[in-house]
Amino acid sequence: MNILVFAEQIDGSFKKSAFEAVSYASQIAQAHSGNVTAVVPGNVADDKLAELANFGASKIVSIKHDKLNGFNAETYAKVICNTATSENSGIVVISNTYSGKSVAPRVAARLKAGIASGVISMPNTSNGFVVRRGVFSGKAFADVNLTTDVKVLAITPNTFNTIENKQAVNIINAESGLADTDFTTQSVEINRVTGKIPLTEAEIVVSGGRGLKGPENWHLVEDLATALGAATACSKPVSDMHWRPHSEHVGQTGITIKPNLYFAIGISGAIQHLAGVSSSKVIVAINKDPEAPFFKAADYGIVGDAFEIMPKIIEAAKAFKNS
Ligand SMILES: Cc1cc2nc3c(=O)[nH]c(=O)nc-3n(C[C@H](O)[C@H](O)[C@H](O)COP(=O)(O)OP(=O)(O)OC[C@H]3O[C@@H](n4cnc5c(N)ncnc54)[C@H](O)[C@@H]3O)c2cc1C
């Protein structure tokens, strides 16, 4: 079975989720005597493209085109579908990132393929083609059987490990097959947050809620994040009150994250917040209210005043870092 992976890049470098997607596809390929091809829209240097071969891609289809350097759901879906057709791919693996979420349904519609998004398991092919996906903001699971010839799997980032599986590099430079009329929208300006670890990629996240009282106290969150090499996040009211930018708001209406370690400081643990963070591997909650709901979701809980506890944790984290 041929498996195609859409390997997402930003400014010519791959995201961690791209390596996860290739590793995931490679495991399916190994179980079903298949090949993994990665498709990369945009101008990526060959030595960068070759990184995908470390995780099991035996063929890399590079579609170099200036207008594909920035993500565009319509044109990306087109080139992914063209490649899936020319490669005779039975499965298309896409990471369920912001970009992946918008491109995967378009790819499925064009290929008339069944789609499962938010996939959190390898396919079980003992009776059909069954994958498990998270539903209701991660509160429940659904096992779905894909019965179409072509299947699109949008896998949840930070769920599958990257696994080294070195292949010989076979890089093909393909034409985009796009005409000028395919580019119906144009990005005029992109402003990126720089110098920070992106929330969705972070292994450790330090997050603050209304319990921190105001933006003037956020140095506590930032100092701990700096000491731990972590990204910073916040609850919805905090961003609504403009203490922090909306790009940091996690939860049902914000970003869903799955770091290895999540610090929740002065956050009550409302269901809408937990929806975005409860899949974190280890959760540490700091709250002065012993009845705060977060303690039920947390692996470790510290009951006390964040303004007394935080400086001690920051000091310990700095000492640990320098040890
Ligand atoms: C449709 C909908 C969608 C929503 N989506 C989201 C979402 O995506 N993300 C999100 O976060 N919320 C979301 N909410 C809001 C959510 O319901 C909660 O209101 C919100 O998460 C509460 O934020 P908070 O915990 O920071 O504040 P609060 O509920 O005010 O809790 C503050 C906490 O800090 C503790 N505290 C106070 N002082 C201290 C101190 N000195 N030291 C330690 N602890 C202290 C308190 O005991 C309390 O537990 C949504 C709500 C709705 C209705």
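The values are calculated or read from the model by the stated rules, or taken from the named source; none is laboratory data. Treat the numbers as computed from the prediction; the structure is a model and nothing was measured. All Cβ positions, even for glycine, are placed from backbone atoms using ideal geometry, and neighbour counts span all protein chains on display. We work out accessible area using only protein heavy atoms, side chains counted, and drop any ligands, DNA or RNA first. Shrake-Rupley method; radii C 1.70, N 1.55, O 1.52, S 1.80 Å.
Things to note:
- Long-range neighbours under 8 Å by Cβ, at least six apart or interchain, first residue away from the ligand (no atom under 16 Å from the Cβ) within segment 199-211, second among the β-branched types (Val, Ile, Thr): Ala202/Ile257
- Filter result for the condition that a residue is of a type outside the set (S, T, N, Q), touching a residue at least 60 places away in the same chain (Cβ under 8 Å) and on the phi < 0 side of the Ramachandran plot, over Lys296, Lys321, Lys236, Lys312: Lys321
- Contact map, segment 162-189: residues that are more than 26 Å from Lys67 (Cβ to Cβ) and part of a loop (DSSP other than H, G, I, E, B) paired with residues that are at pLDDT below 95 and open to solvent by 80 Å² or more (accessible area, probe 1.4 Å), Cβ distance under 9 Å, separation 6+ or inter-chain. No pairs are found.
- For segment 195-232, the tally of residues that are closer than 25 Å to Thr162 by Cα and not in a loop (DSSP other than H, G, I, E, B) stands at 10.
- Elements of the type strands (runs of 3 or more DSSP E) sitting completely within segment 106-149 and holding at least 2 residues that are surrounded by 15 or more Cβ atoms within 10 Å (Cβ to Cβ): these cover 114-119, 130-135.
- Checked against the criterion of being within 24 Å of Phe320 (Cα to Cα) and either surrounded by fewer than 17 Cβ atoms within 10 Å (Cβ to Cβ) or within 13 Å of the ligand (Cβ to nearest atom) (or both), the candidates Ala292, Ala270, Ala275, Ala233 yield just one match: Ala233.
- In segment 241-267, residue farthest from Leu228 (Cα to Cα) [restricted to those that are away from the ligand (no atom under 13 Å from the Cβ) and at pLDDT 95 or above]: His242
- Residue list for segment 278-289, restricted to those being open to solvent by less than 60 Å² (accessible area, probe 1.4 Å) and either near the ligand (Cβ under 9 Å from one of its atoms) or assigned to a strand (DSSP E or B) (or both): Val282, Ile283, Val284, Ala285, Ile286, Asn287
- Identity of the residue in segment 295-305, open to solvent by 60 Å² or more (accessible area, probe 1.4 Å) and more than 10 Å from the ligand (Cβ to nearest atom), that ends up nearest to the chain's Cα centre (by Cα): Asp299
- Condition check for Ala108: within 15 Å of the chain's Cα centre (by Cα), under 17 Å from Ala25 (Cβ atoms) and of a type in the set (A, V, I, L, M, F, W, C): no
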